[in-house]
Amino acid sequence: MKHLRIFSFLLFAFLLVGNSFAQLSSSEVDALVENALKEFNTAGAAVAIVKDGKIIYSKGFGVKSIDTNEPVDKDTNFAIASNSKALTTAALAMLVEEGKLSWDDKVIQHIPEFKMYNAYVTENFNIVDLLTHRSGLSLGMGDLMLFPDGADFTINDILNNFQYFEPVSAFRTKWDYDNLLYLVAGELVGRVSGVSWEQFVQNRILKPLGMDNSYSSMSQVSDFSNFAVPHTTETGPMRSTAHFEEMINGAAGGILSNVDDISQWMLVQLNHGKYGKDLEKTLFTEASQHEMWKLHTLLDVNRNPRYNSHFAGYGLGWGLTDLNGNLSVSHTGGLPGMLSRTVLIPDLNLGVIVLTNTSNGGAGVFSAVSRTIVDSYLGLDDYEWTKKFSEYFKNSQEEADNVTKKVWETVAKANNNNINTENYIGVYEDKWFGKITVSMKDNQLWFTSHRSPKLNGPMAYYKANSFAIKWEFQDMNGDAFAMFALDEEGKAQSIKMKGISPNIDFSFDFQDLDLQRVE
């Protein structure tokens, strides 16, 4: 649900001089994707293009799993992660049209126990606020309740824990990406409709659109034979990993789909909510689409003269900007080993979807491929996106590797003979994350989270009162520092944390924890 550095890179890409080129042929798209898979060391991908009401391209590349070498095809399912957010906003739009709620309704009208960090925000927080990343909370605040998977937090915990978060900006003044509030939106869909978010999306969106091989939750899947397997290169050579376990609900990132099915989703968007053989059916109205494609939260505009953009921001589940005078409606998705991008250019009646199954390389693939395809329809020169993203990712990875290498070299050389481990052993508690225990295991300090069982691992002395934790969970790059505050007797009283790697995923929001000794 992440990889924001990609977008930072796009903001500062340099304009190349060249001749405009025509829309890519099918064979040229094939070559583009195959080259990107190799360049970004990615196991598999699938790509589809819709244009003027038709699917004109739909194909799989690479393999579903490096363990089986079975090929990806157009029907291979991937987790689409945060691309699911647009389906959540569509579900809410449908409920608005049915008169069951209003966009301006306060959340507490439907979920009375919802409680934010102060009374004013709680009382005024409306449904649009759930969807637009303008809560005043920091980037990814509270995502440690979701990442890594396997924690035991419930929707009641989520609703209760917002009150303990510290805002970093004034309410409705700044964009900071958020996942938890979309889970609240999913709960809202359930309470207002009388069925779960998963049931609503499956029965009211996926089935009507003929997305028959798509699922709103992993529990609905009985046959995984044509599912892409997640892979990672974040912590070593490429290897397959387990599927990410379901979140509290799927509203922030739970959809499982394939490029053929998502093409139907892109078509209903480009047809202003209409679908069916002769567009005789309506999923949502054009007025609802206007609300979803309206700027609600402003972002800095990309000043790259290549696109001559004048605005940028976030709608309801969609990122919005203009490219050479054309509206661009897009979103990315990211879960461990599953990275994707959807982009619509309504003025050109164009849609592109790229699904991948490898972290980190998938981000390079979906970026380079989608950008190159869209540029061809905009009549722009060949910007060599694959080459540029490859250089960017390699440089970023080298910088991050240098940082982490130095940390572990310092750990290896550290003299901890004077460390009294008894001063650090104990139980510490954060108001929203719960308790963790620092104990002795295999003759070294060990960190164990009570509620997120994958967050456990050895604590190696670094320097001063700081330790470096290498989690047993290595499917994501999430190793962290633990920095102890001591009392006058040298006994630890609290712990602050932060990620070790500059490239750590923002959902590892260790910096937001305030662990205080309770035992």
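The values are calculated or read from the model by the stated rules, or taken from the named source; none is laboratory data. Small disclaimer: the values here were computed from a predicted structure and weren't measured. Virtual Cβ from ideal backbone geometry, glycine too; neighbours counted across all protein chains shown.
Name every residue in region 235-288 that is out of contact with any helix residue (DSSP H, G or I) (no Cβ under 9 Å at 6 or more places or on another chain), surrounded by fewer than 17 Cβ atoms within 10 Å (Cβ to Cβ) and either of a type in the set (Phe, Trp, Tyr) or under 16 Å from SER214 (Cα atoms) (or both), in order of residue number.
Once the filter is applied, which keeps residues that are out of contact with any helix residue (DSSP H, G or I) (no Cβ under 9 Å at 6 or more places or on another chain), surrounded by fewer than 17 Cβ atoms within 10 Å (Cβ to Cβ) and either of a type in the set (Phe, Trp, Tyr) or under 16 Å from SER214 (Cα atoms) (or both), region 235-288 yields nothing.
Considering only region 369-404, state which residues are among the charged types (D, E, K, R) and under 27 Å from the mean Cα position of the chain (by Cα).
Pass one, region 369-404, residues among the charged types (D, E, K, R): 371, 375, 381-382, 384, 387-388, 391, 394, 398-399, 401.
Of everything in region 369-404, those that are among the charged types (D, E, K, R) and under 27 Å from the mean Cα position of the chain (by Cα) turn out to be ARG371, ASP375, GLU384, LYS387, LYS388, GLU391, LYS394, GLU398, GLU399, ASP401.
Which of the residues belonging to region 295-307 are assigned to a loop (DSSP other than H, G, I, E, B) and out of contact with any Leu (no Cβ under 8 Å at 6 or more places or on another chain)? So that I can check it myself, show each step before the final result.
Start the filter on region 295-307 by keeping residues that are assigned to a loop (DSSP other than H, G, I, E, B), which leaves 295-296, 299-307.
Across region 295-307, the qualifying residues are LEU299, VAL301.
Of the numbered conditions (1) in a loop (DSSP other than H, G, I, E, B); (2) surrounded by 18 or more Cβ atoms within 10 Å (Cβ to Cβ); (3) not charged (D, E, K, R), MET459 satisfies every one except a single condition; which is it?
(1)
Where in region 478-519 are there strands (runs of 3 or more DSSP E), lying fully within it, with 1 or more residues that are closer than 23 Å to THR235 by Cβ and within 30 Å of the chain's Cα centre (by Cα)?
Working: elements: 480-486, 492-499, 515-517.
Strands (runs of 3 or more DSSP E) meeting the threshold: 480-486, 492-499.
Output the qualifying pairs, or none if there are none: Cβ atoms under 8 angstrom, residues six or more apart or on different chains, first residue in region 376-393 and at positive phi and modelled with pLDDT under 95, second residue buried (at least 17 other Cβ atoms within 10 Å of the Cβ) and polar (S, T, N, Q).
none
Within region 195-208, does at least one residue satisfy the condition of being modelled with pLDDT of 95 or more and under 30 Å from ASN118 (Cβ atoms)?
Pass one, region 195-208, residues modelled with pLDDT of 95 or more: 195-208.
Going one step further and asking which of them are under 30 Å from ASN118 (Cβ atoms), we end up with 197.
Yes, because at least one residue in region 195-208 is modelled with pLDDT of 95 or more and under 30 Å from ASN118 (Cβ atoms).
I need the full set of residues from region 245-268 which are modelled with pLDDT of 95 or more, more than 30 Å from PHE171 (Cα to Cα) and of a type outside the set (Gly, Ala, Ser), in order please.
Listed by number, the residues that qualify are LEU256, ASN258, VAL259, ASP260, ASP261, ILE262, GLN264, TRP265, MET266, LEU267, VAL268.
Residue by residue through region 238-294, note down the ones that are among the hydrophobic types (A, V, I, L, M, F, W, C), farther than 24 Å from ALA48 by Cβ and either part of a helix (DSSP H, G or I) or not assigned by TED's automatic domain parsing to the domain that holds THR68 (or both).
Scanning region 238-294 gives a single hit, ALA287.
Among the residues of region 395-419, what is the count of those that are closer than 20 Å to LYS498 by Cβ and either among the β-branched types (Val, Ile, Thr) or touching a strand residue (DSSP E or B) at 6+ places or on another chain (Cβ under 9 Å) (or both)?
Matching residues across region 395-419 total 7.
Evaluate region 113-127: report whether one residue or more is surrounded by 19 or more Cβ atoms within 10 Å (Cβ to Cβ) and closer than 23 Å to THR285 by Cα.
Within region 113-127, one or more residues are surrounded by 19 or more Cβ atoms within 10 Å (Cβ to Cβ) and closer than 23 Å to THR285 by Cα.
Restricting attention to region 412-434, and to residues there that are out of contact with any Lys or Arg (no Cβ under 9 Å at 6 or more places or on another chain) and part of a helix (DSSP H, G or I), which single residue is nearest to LEU513 (Cα to Cα)?
THR421
Report whether or not GLU166 is outside any loop (DSSP other than H, G, I, E, B) and not small (Gly, Ala, Ser). Spell out the reasoning first.
Working: outside any loop (DSSP other than H, G, I, E, B): no; not small (Gly, Ala, Ser): yes.
Considered against the rule, which asks whether it is outside any loop (DSSP other than H, G, I, E, B) and not small (Gly, Ala, Ser), GLU166 comes out as no.
Please go through region 95-142 and pick out each residue that is part of a helix (DSSP H, G or I) and charged (D, E, K, R).
Keep residues of region 95-142 that are part of a helix (DSSP H, G or I), which gives 95-97, 107-110, 119-124, 127-131.
Within region 95-142, GLU97, GLU123, ASP129 qualify.
If you take the residues of region 184-209 that are out of contact with any Phe, Trp or Tyr (no Cβ under 9 Å at 6 or more places or on another chain) and closer than 15 Å to LYS85 by Cβ, which of them is surrounded by the fewest Cβ atoms within 10 Å (Cβ to Cβ)?
That would be PHE200.
What is the one condition in (1) modelled with pLDDT under 95; (2) of a type in the set (Val, Ile, Thr); (3) in contact with a helix residue (DSSP H, G or I) (Cβ under 6 Å, 6 or more places away or on another chain) that VAL301 does not satisfy?
(3)
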